[in-house]
1. Yes or no: the range 86-98 includes at least one residue that is among the basic types (Lys, Arg), surrounded by fewer than 13 Cβ atoms within 10 Å (Cβ to Cβ) and over 27 Å from SER32 (Cα atoms).
2. ASP121 fails exactly one of the following numbered conditions: (1) modelled with pLDDT under 90; (2) under 12 Å from the mean Cα position of the chain (by Cα); (3) of a type outside the set (S, T, N, Q). What is the number of that condition?
3. Just need a number here: residues in the range 116-150 that are of a type outside the set (Lys, Arg), loosely packed, with under 13 Cβ neighbours inside 10 Å and over 16 Å from SER25 (Cβ atoms).
4. Might you let me know whether the range 148-157 holds any residue that is out of contact with any His (no Cβ under 6 Å at 6 or more places or on another chain), aliphatic (A, V, I, L, M) and at pLDDT 90 or above?
5. Contact list please: Cβ distance under 7 Å, first residue in the range 43-70 and within 30 Å of PRO86 (Cα to Cα), second residue at pLDDT below 90, pairs at least six apart or on different chains.
6. Report every pair of residues separated by at least 6 positions or lying on different chains whose Cβ atoms are under 9 Å apart, first residue within the range 130-141 and closer than 17 Å to ASP103 by Cβ and touching a residue at least 12 places away in the same chain (Cβ under 8 Å), second surrounded by 10 or more Cβ atoms within 10 Å (Cβ to Cβ) and among the β-branched types (Val, Ile, Thr).
7. Can you pull out every residue in the range 46-91 that is within 23 Å of the chain's Cα centre (by Cα) and among the charged types (D, E, K, R)?
8. Search the range 1-14 for residues being under 23 Å from THR62 (Cβ atoms) and surrounded by 14 or more Cβ atoms within 10 Å (Cβ to Cβ), and hand back the single one that is modelled with the lowest pLDDT.
Amino acid sequence: MRMQKEHIFWDRSVVLVPYGKSFKSKRYVPLSDRMRAILRLRDIGDSPWIFPSKRARCGHLTTIAKQWTATVEAINLAAAEKKFAPVSASLVPYCARHTFGTDMLDEGMNLVAVSKVMGHDDVTITMKYLHPDTSKAAVTVNQRNRKKELHLLKAAS
């Protein structure tokens, strides 16, 4: 919410995150093409803020709670009309951060790189986003066992 226009480095396709809970929270985060396009739409007017506010003393939005609540209510009304399950109240914008970390690790991104992008002090914090796929374990064990069986058959003959 405190993002300023000067924090976006269009030529490098990164955004500076200067604030956070720890020293490592200050970092450059790569921008996807989609996020670049969205931020370009916000890069208007004279305000130095990406999310300006006329009412806030600080000059920028400090929360999206009202917008989030209104969005969830609208989604749930539409879902009820179509007899879909409602969006859970436990779904909060911060869930997107967890999803990002999990997806990047699932796609094979290096644990240390994900930790750096997320601004974690230690990779053990990032490891909570790692959900290894164990569905292929039986296939691997079966392949190993067949190789061992062939080895034992050759040794016996």
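1. No, the range 86-98 has no match at all.
2. Unmet for ASP121, out of (1) modelled with pLDDT under 90; (2) under 12 Å from the mean Cα position of the chain (by Cα); (3) of a type outside the set (S, T, N, Q): (2).
3. Residues meeting the conditions: 16.
4. no
5. Pairs that qualify, where the first residue is within 30 Å of PRO86 (Cα to Cα) and the partner is at pLDDT below 90, are PHE51/MET1; LEU61/MET1; THR62/MET1; ILE64/PRO93; TRP68/PRO93.
6. LEU130/THR102; LEU130/VAL114; HIS131/THR102
7. LYS66
8. For the range 1-14, the residue satisfying everything is MET1.
The values are calculated or read from the model by the stated rules, or taken from the named source; none is laboratory data. Bear in mind that the values here come from a model prediction, so they are computed numbers and not experimental data. Neighbour counts are summed over all protein chains in view; Cβ atoms, including those assigned to glycine, are modelled from backbone coordinates with ideal geometry.
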